[in-house]
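Notes for the one structure printed next.
The values are calculated or read from the model by the stated rules, or taken from the named source; none is laboratory data. Remember, predicted model here, so these are calculated numbers, not experimental data. Positions of Cβ are generated from backbone atoms using ideal geometry, with glycine treated the same way; all protein chains shown enter the neighbour counts. Areas reflect the complete protein model, heavy atoms only, side chains present, ligands, DNA and RNA absent. Shrake-Rupley method; radii C 1.70, N 1.55, O 1.52, S 1.80 Å.
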Amino acid sequence: MRLCAWYLYGEKHRGYALNPVANFHLQNGSVLWRINWMGDTSPRGIGASCGMMVNYRYFLEETASNSALYLGSKQVKASEQVLALVNQFQQNSKL
């Protein structure tokens, strides 16, 4: 889960999220909200994402500012759960 959080939050291509689905939602002003362990246990879900599923949350009053922040400053808005996983990854990573 820590690696997944880092992949979605920290891995970038030209400053934007490497994952195309994450990039789509973040460009549209969402918040990287929650990572669900074994949220997709279908054969495709297991093969594509080890069964993990991600929720993006849209706060309508914040979508324009979140989108501008991401597109302009390349900053990802994320929940406390995701940020905690990112911090754990960074503390334990050998990368």
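Key figures for this structure:
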quantity: Residue count for the stretch 59-95, restricted to those that are more than 16 Å from L32 (Cα to Cα) and assigned to a loop (DSSP other than H, G, I, E, B); calculated: 3
quantity: Those residues of the stretch 17-58 which are part of a loop (DSSP other than H, G, I, E, B), out of contact with any Asp or Glu (no Cβ under 9 Å at 6 or more places or on another chain) and either of a type in the set (A, V, I, L, M) or open to solvent by 50 Å² or more (accessible area, probe 1.4 Å) (or both), in sequence order; calculated: N28, W37, M38, T41, C50, Y58
quantity: Selection from the stretch 1-60 of residues that are within 16 Å of A78 (Cα to Cα) and touching a Gly at 6+ places or on another chain (Cβ under 6 Å); calculated: M53
quantity: Residue ID - most open to solvent (accessible area, probe 1.4 Å), chosen from residues in the stretch 84-95 that are in contact (Cβ under 8 Å) with a residue 60 or more places away in the chain and within 13 Å of M1 (Cβ to Cβ); calculated: N92
quantity: K12, sole failed condition from (1) touching a residue at least 40 places away in the same chain (Cβ under 8 Å); (2) touching a helix residue (DSSP H, G or I) at 6+ places or on another chain (Cβ under 9 Å); (3) exposed (fewer than 14 other Cβ atoms within 10 Å of the Cβ); calculated: (2)
quantity: Selection status of E80, farther than 20 Å from P20 by Cα, within 13 Å of the chain's Cα centre (by Cα) and open to solvent by 90 Å² or more (accessible area, probe 1.4 Å); calculated: yes
quantity: Matching entry among S93, S67, S79, S73 (being under 11 Å from L26 (Cβ atoms) and among the small types (G, A, S)); calculated: S67
quantity: Counted residues, the stretch 64-77 - those being surrounded by 15 or more Cβ atoms within 10 Å (Cβ to Cβ) and polar (S, T, N, Q); calculated: 2
